[in-house]
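For reference, the structure discussed in these notes is given below.
The values are calculated or read from the model by the stated rules, or taken from the named source; none is laboratory data. These numbers come from a predicted model, not from an experiment. Note that we place each Cβ from the backbone using ideal geometry, even for glycine, and neighbour counts take in every protein chain shown. Surface areas here come from the heavy atoms of the whole protein model, side chains and all, with no ligands, DNA or RNA. Shrake-Rupley method; radii C 1.70, N 1.55, O 1.52, S 1.80 Å.
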Amino acid sequence: MEIDEPLSPGGRLFVQPATHQIINSVFGLEQPITLDALRTVISSSLLIKHPRFSSLLVTDNHGREHWRKTEIDINRHIIIRSNPVGEGDNDEEVVNEYLADLTVSAPLTTDKPLWEVHLLSAHKCLVLRIHHALGDGISLVSLMLTLCRKLDDPEQTPTIGPLTSSTQKHKNSGTLESILKLVKMVWFTLVYVFEFMMRGAWVKDGKTAVRGGEGVELWPRKLVTAKFSFEDMKTVKSAVANATINDVLFGVISSGLSKYLDSRSPDSLPEGLQMTGVALVNLRPSPGLQDIKELMKKNAGTAGWGNKRAKMMMDRKKLSMEAFLSHQIGYFVMKYFGAKVASLLEYKVICNTSFTISNVVGPREEITVTGIPITYMRATSSSLPHAITMHMVSYAGKADMQILVAKDIIPDPEKLAKCFEDALLEMKQHAVQT
């Protein structure tokens, strides 16, 4: 008899009601996929061989969550939608509306392992719904890609390029420079960790036209897609010393939100306005697409220049140990006060900030599933108290960002997406002119 496996601290956090999270990914296809072909590729993939993908979520007599091995009935995990899932001729809008509804009102049932594949035949796409308790973004992308093959080499599984953080070349620093860097690291760490703790207590962003708050996670949602060229992002990155794609993304967010707020009301950008975002980062080294066998072992357990301020802030954040210590604070609370208290702390931080942003690197080359080319890869997650959550995934030279909004607060997310797209184009134009 196999022994139930306890959930990881992160897994326990994601199954709490206040911070319950499901990742909803969508793969666009060049042509519809048949049910038999989909069933075959799932059955033969490493996805369902991973222990967590073949385990039930159970709770013991003390309220502790565990994984319990079970037999998988693949037919229960495939949801077939043969007819159109909405009205209209624009497949992208219809699929986004379908996904938006899933983010609010469609939990995964616990009488089977916590994942599903929705086959939307009329719209030529697959929707993969995976509970966040099964793993972090990088691990789950790695597993999802085991369903796929390279377009130019059908025998090979896709790969993800190294997640290099910068084009910066490491050099030996002098003693004085090293001391100065250490002082800055300590200072920025103290400042940002103190701010994080205050966010969990009472400090909050000022009221703006795009800010959510407690209970907003239950409000109706709308989902739109902002589309970027990855080459444009690299052009902007190359024009700024030691910049990263994440720096460019935060510059786009900063400039785009300013444009949108200004369009909503000329008085919506008072001097000194501060909007704080929650950025999801991976603390583990990740040299690229993880070796699946090793992963299974481990887991079995304005244009130029609103961007400059964003870049300066990001440099300070990266120099500090805020991400690591924030994680440690969460772990401490989880260990000594329990998952419910840790969940409420995270919920409070989200309520007191303005938006969520994440960025996942996908395959650089085109890929297929059951021999059918994939035209796009996108992802979003369950709704949060934020009125805006943004998740970007890059794939084959493109970078699509899913923008999920509370539509009673942001009724025109298409305009917001256009503001982000225009912000990048302006940054690129500035970059090529300098």
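Assorted remarks:
- Residue match in the range 307-321 (condition: modelled with pLDDT under 90, polar (S, T, N, Q), open to solvent by 60 Å² or more (accessible area, probe 1.4 Å) and assigned to a helix (DSSP H, G or I)): no
- Sole exception among (1) open to solvent by less than 20 Å² (accessible area, probe 1.4 Å); (2) in contact with a Phe, Trp or Tyr (Cβ under 7 Å, 6 or more places away or on another chain) for I78, by number: (2)
- Residue pairs whose Cβ atoms lie under 8 Å apart, sitting 6 or more positions apart in sequence or on different chains, and linking a residue in the range 122-141 that is farther than 15 Å from S8 by Cβ and modelled with pLDDT under 80 to a partner that is surrounded by fewer than 22 Cβ atoms within 10 Å (Cβ to Cβ) and charged (D, E, K, R), do not occur here.
- All of G272, G200 fail the test of being over 21 Å from the mean Cα position of the chain (by Cα), closer than 18 Å to T356 by Cβ, modelled with pLDDT under 90 and of a type in the set (G, A, S), apart from G200.
- Checking L56, L29, L114 one by one, the residue that is surrounded by 14 or more Cβ atoms within 10 Å (Cβ to Cβ), touching a Phe, Trp or Tyr at 6+ places or on another chain (Cβ under 8 Å) and modelled with pLDDT of 95 or more is L56 and no other.
- Some residue of the range 331-344 being open to solvent by less than 30 Å² (accessible area, probe 1.4 Å) and of a type in the set (S, T, Y): yes
- The single condition among (1) modelled with pLDDT under 60; (2) open to solvent by less than 50 Å² (accessible area, probe 1.4 Å); (3) out of contact with any His (no Cβ under 8 Å at 6 or more places or on another chain); (4) assigned to a helix (DSSP H, G or I) that E294 does not satisfy is (2).
- Residue within the range 97-107 that is open to solvent by 60 Å² or more (accessible area, probe 1.4 Å), touching a strand residue (DSSP E or B) at 6+ places or on another chain (Cβ under 7 Å), under 18 Å from P17 (Cα atoms) and hydroxyl-bearing (S, T, Y) present: no
- Extreme residue, nearest to S382 (Cα to Cα), among residues of the range 398-430 that are among the small types (G, A, S) and in contact with a Gly (Cβ under 8 Å, 6 or more places away or on another chain): A406
- Filter result for V369 (in contact with a Gly (Cβ under 8 Å, 6 or more places away or on another chain) and either polar (S, T, N, Q) or over 15 Å from Y260 (Cβ atoms) (or both)): no
- For the range 131-161, a tally of residues being among the hydrophobic types (A, V, I, L, M, F, W, C) and open to solvent by 10 Å² or more (accessible area, probe 1.4 Å) returns 6.
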